[in-house]
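Structure record follows, encoded as structure tokens.
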Amino acid sequence: AKETTKFTNKDITVIPFGIDINSFIKRRVISIFKEDEIVIGTIKSLEEKYGIRYLIDAFDILIKRKYSSPMKLLIVGEGSLMNDLKNLCRQKGIENLVTFTGKIPQEQVPDYHNMMDVYVSLSIDDSESFGVAALESSACSNPVVVSDVSGFIETTKDGLTGLIVPRKNKEAAADAIEKIICNKEFAKNLGENGRKNVEENYNWETNLQQQIA
């Protein structure tokens, strides 16, 4: 919208990419994880611009801090960095704590969001123009941790629906995740606020009507 104002004096309406709030909703699913495990996860293409290696680095930092509850990292998606990222996990000695699912059917995406306790997306490039997966996880009442790229700044309310951290900063990401997993009430509030944010602003039925109008 900001760019478009350079070429027109007409009023500009921004209509967001909507979320199916009936499919993406908090519910119990058959999880691949144990009940007592804290699951930190992401759903992204395994490409450089999505900063998956920074998530692995942040997870490694958290593992070394030794929490009372066991932690697992869930990485959903496929891409050219799959082998590199698996090797990184092996180098750090955390390969047994990280699950790579590869590509999953679209209809299973809500199930995987519901296996997570915290959704994390640490993209490093402003080409992340919206961050739909983070909003899908918010719709499932998950707290989110995202980097400060333009798409996330637009859709995530820092401290209200999630936490925003500087891109390429594994320590800041680890601290943000820790803040959430160590405070259940804070995590619950972020998740509930995230769901409300999606219902009020990113319901695809409402967004579709805005387009038609």
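The values are calculated or read from the model by the stated rules, or taken from the named source; none is laboratory data. Computed from a prediction, not measured in an experiment: that's the story for all the values here. Ideal geometry is used to build each Cβ from the backbone, glycine not excepted, and the neighbour counts take in all protein chains shown. Each accessible area value is taken on the protein alone, full model and side chains, heavy atoms only, with ligands, DNA and RNA left out. Shrake-Rupley method; radii C 1.70, N 1.55, O 1.52, S 1.80 Å.
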*Given the residues Asn87, Asn22, which is the only one that is under 26 Å from Glu154 (Cα atoms) and among the polar types (S, T, N, Q)?*
Asn22
*Can you name every residue in the stretch 5-30 that is modelled with pLDDT under 80 and under 21 Å from Tyr202 (Cβ atoms)?*
Ile12, Thr13, Val14, Ile15, Pro16, Phe17, Gly18
_Every residue from the stretch 151-191 that is touching a strand residue (DSSP E or B) at 6+ places or on another chain (Cβ under 6 Å), assigned to a helix (DSSP H, G or I) and free of Cβ contacts under 8 Å to residues at least 12 places away in the same chain_ = Ala172
*Could you tell me whether any residue of the stretch 77-97 is touching a helix residue (DSSP H, G or I) at 6+ places or on another chain (Cβ under 8 Å) and part of a strand (DSSP E or B)?*
no
*asked:* It is to be established whether one or more residues within the stretch 23-35 are closer than 20 Å to Lys86 by Cβ, over 15 Å from the mean Cα position of the chain (by Cα), of a type outside the set (Phe, Trp, Tyr) and in a loop (DSSP other than H, G, I, E, B).
replied: yes
*The listed residue being surrounded by 13 or more Cβ atoms within 10 Å (Cβ to Cβ) and within 18 Å of His113 (Cβ to Cβ), out of Leu81, Leu73*: Leu73
*Within the stretch 123-148, can you find the residues that are under 15 Å from Ser45 (Cβ atoms) and in a loop (DSSP other than H, G, I, E, B)?*
Ser123, Ile124, Asp125, Ser127, Glu128, Ser129, Phe130, Gly131
*Tell me, please, whether a residue that is in contact with a strand residue (DSSP E or B) (Cβ under 9 Å, 6 or more places away or on another chain), open to solvent by less than 10 Å² (accessible area, probe 1.4 Å) and part of a strand (DSSP E or B) can be found in the stretch 42-55.*
yes
*Applying the selection to the stretch 105-130, what residues are hydroxyl-bearing (Ser, Thr, Tyr) and under 18 Å from Gly191 (Cα atoms)?*
Tyr112, Tyr119, Ser121
*Return the only residue of Phe59, Phe17 being of a type outside the set (Val, Ile, Thr) and either in contact with a Cys (Cβ under 6 Å, 6 or more places away or on another chain) or open to solvent by 40 Å² or more (accessible area, probe 1.4 Å) (or both).*
Phe17
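Each row is one residue, and each column tells you yes or no for (1) on the phi < 0 side of the Ramachandran plot; (2) at pLDDT below 95.
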{"position": "Leu81", "(1), (2)": "yes, no"}
{"position": "Ser129", "(1), (2)": "yes, yes"}
{"position": "Val144", "(1), (2)": "yes, no"}
{"position": "Lys168", "(1), (2)": "no, no"}
{"position": "Glu171", "(1), (2)": "yes, no"}
{"position": "Ala176", "(1), (2)": "yes, no"}
_Given (1) closer than 22 Å to Lys49 by Cα; (2) open to solvent by less than 50 Å² (accessible area, probe 1.4 Å), number of the condition Pro166 does not satisfy_ = (2)
